[in-house]
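Participant: I'd like to ask you about the structure that follows.
Throughout, read-outs are computed from the coordinates displayed, never taken from laboratory work. Every value quoted in this text rests on a predicted model; they were computed, and no experiment measured them. So basically every Cβ, Gly included, is an ideal-geometry build from the backbone, and we count neighbours across all protein chains shown.
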Amino acid sequence: MNEYRDHPFCQRLRKLMLSAYRVQGLTFEKMTEEIGIGRSSMSTYYSGLRLPGAENLIKLADYFGVSTDYLLGREGYELEEEIK
C-alpha cells in the first residue's frame with residue numbers, strides 16, 4: 001500500500017528526481033550513490049511506501065538544494081511552480 005503517495009514529500013521528491021534525470025542526465029543509481037542513501041530506501045520514498053527519517057531528509061534537501069520544510073510541504077509553493 002502506498003500510504004504516502006500523495007504526501008507533499010513524495011510529490012516534490014519525484015519532481016526533483018525527474019528534473020535531475022532530464023537536466024543532468026543522472027540515473028537513479030548514480031543519484032542514490034551521490035546522495036548516500038540506499039537504492040531500496042530511495043525506492044520506498046519515491047513510491048510513497050514510507051517517509052525518510054531526519055538524517056535522510058537532510059541528505060535529500062542538501063542534495064537538491066531545497067529546505068527540509070520545502071520537501072515536507074511546509075513552505076515553498078512558489079518554488080514548486082518553478083520546478084514544473
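Participant: Quick check on the exposure proxy: order 33, 3 from fewest to most C-beta atoms within 10 angstrom.
Facilitator: 3, 33
Participant: In deg cm²/dmol and to the nearest 500, what is the mean residue ellipticity at 222 nm of the chain if only DSSP H runs of at least 4 residues count, each as -39500 (n - 2.57), divided by the residue total?
Facilitator: Value at 222 nm, helices only: -16500 deg cm²/dmol.
Participant: Which number do you get for Rg(Cα) / (2.2 N^0.38 Å) in the chain?
Facilitator: Computed over Cα atoms of the chain, the ratio equals 1.00.
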